[in-house]
Amino acid sequence: MMTQTESSNYIGVDLSGAALRAALVTNEGRVVERREAALSAGDIATQVTRVAADLRGEASRVFALGVGVPGLVNPETGRVIISSDLPAIVRSDLQTEIAQASGLNVTMENDANAAAYGEYIAGAGHGSRHMFYVTIGNGIGGALILDSKLWLGDSGFAGEFGHITIDPEGIECTCGNVGCLETVASAPNIVRRTHERLMRDSTSSLSRLGLNKNFTASDIAHAANDGDDFALMMLERTGRYIGTAIAAVINLLNIERIVLGGRIMEAGDLILNPIIREAGRRSFQPCFEATQIVAAALGPDAVPIGAAMLARDMSGAAH
Ligand SMILES: [Zn+2]
């Protein structure tokens, strides 16, 4: 039987987007090969196994496979308990199905947790020991690494940063609460707030966002990068909401590093700087001064790398 060594490889799969993304990853978290395939709602285990088989053709030794899923995973069983983005995976025992079809050890993890671990091993979290990760896209996810380990919480659901209340009088959230951070700062909600403000704010007439009623959060980021004052203001206000929630995390954890990822970070410093400013204004200063707040570094590789590295750890690899 082969033993795992430093030249071992792992496969990481990301099921959180519209497409299935997979990567062949080294023991140190470096991507050797990537694959992307359309993700259909049908037999997901077969789709994952097919991509994994393709990637295994590129490497002599693959020891384990990790899958990042848009949902909550029971850490005991690996079963996906809740997934609003991909309901089909809740109905199946995906972990067992993929393990049987591929012959590999399979680890399942929430996509934000996987991305956090990827950034921690090979990205913007590298070199830290305690890290909080936030991803801002269609939803807002969070994940916590304490003493170099993913902190899953009592039942595996730690890090629900997007559901911290930011406005007690706010609008209803998908989780049932009112005024969660996600209801103002997720990509669709930034778009919603921007539409609302375009309607009532006369200074918005100079913004090019008014020309296209189907703009996205990326369009807002690009307009801001091009100097559009209205788009800049929307990012500034969004940054203040996120920074307020970040301040609570800083005060609670005295955390070493906070890594911000997801689509919204396309705006770069235009969103990062307001977040840092607001976090600085609202947090306990000795805690704030000990915290580095930085943008994520791995982009769409974060989930595949993190899922692969979690699979590596679970299978007891040398590292
Ligand atoms: Zn919520």
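Number of residues in the range 164-203 that are of a type in the set (Ser, Thr, Tyr), open to solvent by less than 50 Å² (accessible area, probe 1.4 Å) and within 16 Å of the ligand (Cβ to nearest atom): the value is 2. Only one of the numbered conditions (1) out of contact with any Phe, Trp or Tyr (no Cβ under 8 Å at 6 or more places or on another chain); (2) β-branched (Val, Ile, Thr); (3) surrounded by 20 or more Cβ atoms within 10 Å (Cβ to Cβ) is not met by ILE82, and that is (3).
Given the structure, is LEU235 assigned to a helix (DSSP H, G or I), out of contact with any helix residue (DSSP H, G or I) (no Cβ under 8 Å at 6 or more places or on another chain) and modelled with pLDDT of 95 or more? So LEU235 fails the test.
Report yes if ILE98 is among the β-branched types (Val, Ile, Thr) and in a strand (DSSP E or B), otherwise no. The answer is no for ILE98. Inspection of the range 275-297 finds a residue satisfying the criterion of being in a strand (DSSP E or B) and open to solvent by 60 Å² or more (accessible area, probe 1.4 Å). If you go through the range 142-163 and keep only what is touching a residue at least 60 places away in the same chain (Cβ under 8 Å), open to solvent by 10 Å² or more (accessible area, probe 1.4 Å) and within 16 Å of the ligand (Cβ to nearest atom), you end up with just PHE157.
Based on what the data block shows, is ARG91 assigned to a loop (DSSP other than H, G, I, E, B) and open to solvent by 20 Å² or more (accessible area, probe 1.4 Å)? Yes, satisfied. Scanning the range 97-112 for residues being of a type outside the set (A, V, I, L, M) and open to solvent by less than 30 Å² (accessible area, probe 1.4 Å) gives a total of 4. For the range 132-141, filtering for residues that are within 11 Å of the ligand (Cβ to nearest atom) and open to solvent by 20 Å² or more (accessible area, probe 1.4 Å) leaves 1. Looking at PHE230, PHE215, just one residue is more than 15 Å from the ligand (Cβ to nearest atom), out of contact with any Gly (no Cβ under 7 Å at 6 or more places or on another chain) and assigned to a loop (DSSP other than H, G, I, E, B), and that residue is PHE215.
The values are calculated or read from the model by the stated rules, or taken from the named source; none is laboratory data. This one's a predicted model, so the numbers in the text were calculated from it and none came from an experiment. Quick reminder, even Gly has a Cβ in these numbers, built from the backbone with ideal geometry, and neighbours come from all protein chains shown. Side chains are part of the model used for accessible areas, which takes the heavy atoms of the whole protein and leaves out ligands, DNA and RNA. Shrake-Rupley method; radii C 1.70, N 1.55, O 1.52, S 1.80 Å.
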